Amino acid sequence: MKYKGMKLRKVLGYWVLSLSYSKTVYLHRYIWEEEYGSIPDKMILHHKDGDGSNNDLSNLELMSHTDHRRTHAGWSRDEDGWTHKPCPNCGLKPLSEFYKQKNGYQSLCKPCSLEASSKFDKEHIEATRKRKREYWRRKVAKEKASLHPVDD
Ligand SMILES: [Zn+2]
Ligand SMILES: [Zn+2]
């Protein structure tokens, strides 16, 4: 295969272009840079349709590592930014449905996370009740045993 007279080969699903004997570059990066200029170090060129060999410019999107990770994790967005992310328990939900954390959002949505923590609370409360009941049962039994028999 040739691209503009240069050698082209496919490596792990991506086209790799040989610029010279020792210099190679991914074809998608080459195509993008020819059109828009050099790609900043911290940016990633993403294939929108998931096909690493489809290097049509309309299939390529420049994004940050964070955005790229989110895209592959199934987040969705509009022109203003991210709007939805998937909850592992119930699927895609608006970001407002998630509690914020230091580094972003909780994995579970609010209802799922409340359910998970109330299940934990219920189990905790039930265990405490059981312990208290057992304590009183023993205490009463002990006091009864220590009572001197009284005459009617
Ligand atoms: Zn990607
Ligand atoms: Zn959920």
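No value in this document is a laboratory result; all are computed from the given coordinates. What you are looking at is a predicted structure, and each value in this text was computed from that prediction instead of being measured. Neighbour counts run over all protein chains shown; Cβ positions are idealised from the backbone, glycine included.
Below is a table of values for the structure above.
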| item | result |
| --- | --- |
| Hits in the range 96-108 (condition: closer than 16 Å to residue 66 by Cα and in contact (Cβ under 8 Å) with a residue 12 or more places away in the chain) | 105, 107 |
| Any chance residue 58 is small (Gly, Ala, Ser), away from ligand 2 (no atom under 16 Å from the Cβ) and not in a loop (DSSP other than H, G, I, E, B) | yes |
| Residue match in the range 111-132 (condition: within 16 Å of ligand 2 (Cβ to nearest atom), loosely packed, with under 14 Cβ neighbours inside 10 Å and under 14 Å from the mean Cα position of the chain (by Cα)) | no |
| Looking only at the range 95-110, and only at residues there that are assigned to a strand (DSSP E or B) and away from ligand 2 (no atom under 14 Å from the Cβ), the one that is surrounded by the most Cβ atoms within 10 Å (Cβ to Cβ) | 104 |
| Counted residues, the range 73-90 - those being in a strand (DSSP E or B) and exposed (fewer than 15 other Cβ atoms within 10 Å of the Cβ) | 5 |
| Residue list for the range 53-68, filter: in contact with a helix residue (DSSP H, G or I) (Cβ under 8 Å, 6 or more places away or on another chain) and either more than 12 Å from ligand 1 (Cβ to nearest atom) or in contact (Cβ under 8 Å) with a residue 40 or more places away in the chain (or both) | 55, 57 |
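Quick grid of which residues meet (1) touching a residue at least 24 places away in the same chain (Cβ under 8 Å); (2) in a loop (DSSP other than H, G, I, E, B); (3) in contact with a His (Cβ under 8 Å, 6 or more places away or on another chain):
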| site | (1), (2), (3) |
| --- | --- |
| 9 | no, no, no |
| 20 | no, yes, no |
| 28 | yes, no, yes |
| 32 | yes, no, no |
| 35 | no, no, no |
| 46 | yes, no, yes |
